[in-house]
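Quick notes on the structure that follows.
The values are calculated or read from the model by the stated rules, or taken from the named source; none is laboratory data. A quick note: this is a predicted structure, and the numbers were derived from the prediction, not measured. Accessible surface is based on the protein model in full, side chains and every heavy atom, while ligands, DNA and RNA are left aside. Shrake-Rupley method; radii C 1.70, N 1.55, O 1.52, S 1.80 Å.
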Amino acid sequence: MFRIFKLTFLLFVILVVGCSSVKVSQDFDPSKNIANLKTFAWKTETQPPTGDIRVDNPLLDARIRDAVARNLTTRGYQQQTETTPDFYIVYKYVIQRKIDSDGPQTGIGFGFGSFGSRGGIGISTGTSVSEYDEGLLVIDFLDARDNGLLWRGNGSRRVDQHADPARTT
């Protein structure tokens, strides 16, 4: 069970950048013994094209793969290139358009005329609606023997545009 906590923490570390809020969740097959997993490899050398130019970016692919491999190796897993590993890793990254709403807002104002004989009441209602892009990263660990899903972690957060490549996630 501690291994599951480490995997969840891994996904959280991969996705957290700065102060951005990331929604993270995981699922796994309890019938599989993932505590014995020690070696991993990527299922494919590069990410298959999605048709979205924002996602089909070799620099982004390299950042995601590097973050996953770095976090796994710091937790004792070893990356295999020559022999069959215990599990394969695949990921999918998508960017979806979302709508954000602040909900209804109300306001009441009172006013008095210059001579105190006139007055007024104003009431306003409204909703603030905006659109934004949300990125969803799904990471799967597949059993190397039968390609069965062992573990899935996913995280989503608002996608920001950065002019500085060091801040790009």
Problem set entry | Hits among lysines - C-alpha to C-alpha of Lys23 under 22 Å, sequence gap 8 or more where chains match | Lys6, Lys92, Lys98
Problem set entry | Whichever aspartates and glutamates have a C-alpha closer than 18 Å to that of Lys43, once near sequence neighbours (fewer than 8 apart) are set aside | Asp56, Asp61, Asp66, Glu82, Asp86, Asp140, Asp143, Asp146
Exercise. At a probe size of 1.4 Å, how large is the accessible area of Ser31, to the nearest 10 Å²?
Worked result: 100 Å²
